[in-house]
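K.L.:
Pasting a structure here, questions to come.
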Amino acid sequence: MKIHHVGIAVESLEKAVPMFELLLGHSPDSTEEVGDQKVRVAVFQVGESRIELLEPISPDSPIARFIAKRGPGIHHITLAVGNLQNTLDTLEQRGVRLIDRRPREGAGGESIAFLHPSSTANVLFELLEERDRKQADNNQEQQSK
């Protein structure tokens, strides 16, 4: 298990990306729209992890609601796990409240699921099924095109 990425809610990628480019010393490695989550994502690789800037594309998106309630900032922390469904089943059996009982598709075509913050010290955790690094890099490269 490792930290895969930190998701940061922003009001505008156009405004946020230049600051992160200055801070990190490079442009986003990829950008994409995730329609079912109503979000546009800019991904910055940082060592073995990454930072994902999340801009809402609809006022009823989870990110728009988060920003309206809490303002821009850290939205979630994502942990990479070996077998997502097994991890979800184990956590649920141990009393962890799940937002997603089954994996769903997230940014980059990754298999993801969220845990309810009421079970995780009020921190929203996303779990992501870790793939072969080469396969993940190829998928991210194709998303950028």
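The values are calculated or read from the model by the stated rules, or taken from the named source; none is laboratory data. Quick caveat, the model's predicted, so the values are computed rather than measured. Cβ sites come from the backbone with ideal geometry, for glycine too, and all protein chains shown count toward neighbours.
K.L.:
Going by the structure shown, is PRO103 surrounded by 13 or more Cβ atoms within 10 Å (Cβ to Cβ), under 14 Å from the mean Cα position of the chain (by Cα), modelled with pLDDT of 95 or more and within 28 Å of SER27 (Cα to Cα)?
P.N.:
Working: surrounded by 13 or more Cβ atoms within 10 Å (Cβ to Cβ): yes; under 14 Å from the mean Cα position of the chain (by Cα): yes; modelled with pLDDT of 95 or more: yes; within 28 Å of SER27 (Cα to Cα): no.
Judged against the criteria, PRO103 is not a match.
K.L.:
Restricting attention to region 19-69, report how many residues are small (Gly, Ala, Ser), in contact with a Pro (Cβ under 9 Å, 6 or more places away or on another chain) and surrounded by fewer than 20 Cβ atoms within 10 Å (Cβ to Cβ).
P.N.:
Of the residues in region 19-69, 2 are small (Gly, Ala, Ser), in contact with a Pro (Cβ under 9 Å, 6 or more places away or on another chain) and surrounded by fewer than 20 Cβ atoms within 10 Å (Cβ to Cβ).
K.L.:
Another question, if that's okay. Could you run through region 40-53 and say how many residues are more than 13 Å from GLY108 (Cβ to Cβ) and either within 11 Å of the chain's Cα centre (by Cα) or touching a residue at least 24 places away in the same chain (Cβ under 8 Å) (or both)?
P.N.:
6
Matching residues to (1) touching a residue at least 40 places away in the same chain (Cβ under 8 Å); (2) under 26 Å from PRO103 (Cα atoms); (3) assigned to a helix (DSSP H, G or I):
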site	(1), (2), (3)
ASP60	no, yes, no
ALA64	no, yes, yes
ILE74	yes, yes, no
THR78	yes, yes, no
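K.L.:
Kindly indicate the residue of region 75-90 that is hydroxyl-bearing (Ser, Thr, Tyr) and surrounded by 14 or more Cβ atoms within 10 Å (Cβ to Cβ) and also farthest from VAL41 (Cα to Cα) among those meeting that condition.
P.N.:
THR87
K.L.:
Name the single residue, out of those in region 1-29 being in contact with a Lys or Arg (Cβ under 9 Å, 6 or more places away or on another chain) and not charged (D, E, K, R), that is farthest from LEU127 (Cα to Cα).
P.N.:
First, the residues of region 1-29 that are in contact with a Lys or Arg (Cβ under 9 Å, 6 or more places away or on another chain): 4-6, 9, 13, 29.
Cutting the leftovers down to not charged (D, E, K, R) gives us 4-6, 9, 13.
On the way: HIS4: 9, HIS5: 10, VAL6: 12, ALA9: 18, LEU13: 24 Å.
Across region 1-29, the extreme among qualifying residues is LEU13.
K.L.:
Another question, then. Name every residue in region 9-34 that is under 14 Å from the mean Cα position of the chain (by Cα) and closer than 22 Å to ILE67 by Cα, in order of residue number.
P.N.:
Keep residues of region 9-34 that are under 14 Å from the mean Cα position of the chain (by Cα), which gives 9-10, 30-34.
Once the filter is applied, which keeps residues that are under 14 Å from the mean Cα position of the chain (by Cα) and closer than 22 Å to ILE67 by Cα, region 9-34 yields ALA9, VAL10, THR31, GLU32, GLU33, VAL34.
K.L.:
Exactly one condition in (1) in a helix (DSSP H, G or I); (2) within 20 Å of SER119 (Cα to Cα); (3) not hydrophobic (A, V, I, L, M, F, W, C) is false for ASP100; which is it?
P.N.:
(1)
K.L.:
Please identify the pairs in which a residue from region 107-128 that is more than 18 Å from ILE8 (Cβ to Cβ) and without any contact (Cβ under 8 Å) to a residue 40 or more places away in the chain has its Cβ atom under 7 Å from the Cβ atom of a residue that is outside any strand (DSSP E or B) and polar (S, T, N, Q), counting only partners at least 6 apart or on another chain.
P.N.:
GLY109/ASN139
K.L.:
A further question on this structure: Can you name the condition, by its number, that ARG94 falls short on among (1) loosely packed, with under 13 Cβ neighbours inside 10 Å; (2) under 25 Å from GLU130 (Cα atoms); (3) in contact (Cβ under 8 Å) with a residue 12 or more places away in the chain?
P.N.:
Here ARG94 clears every test but (3).
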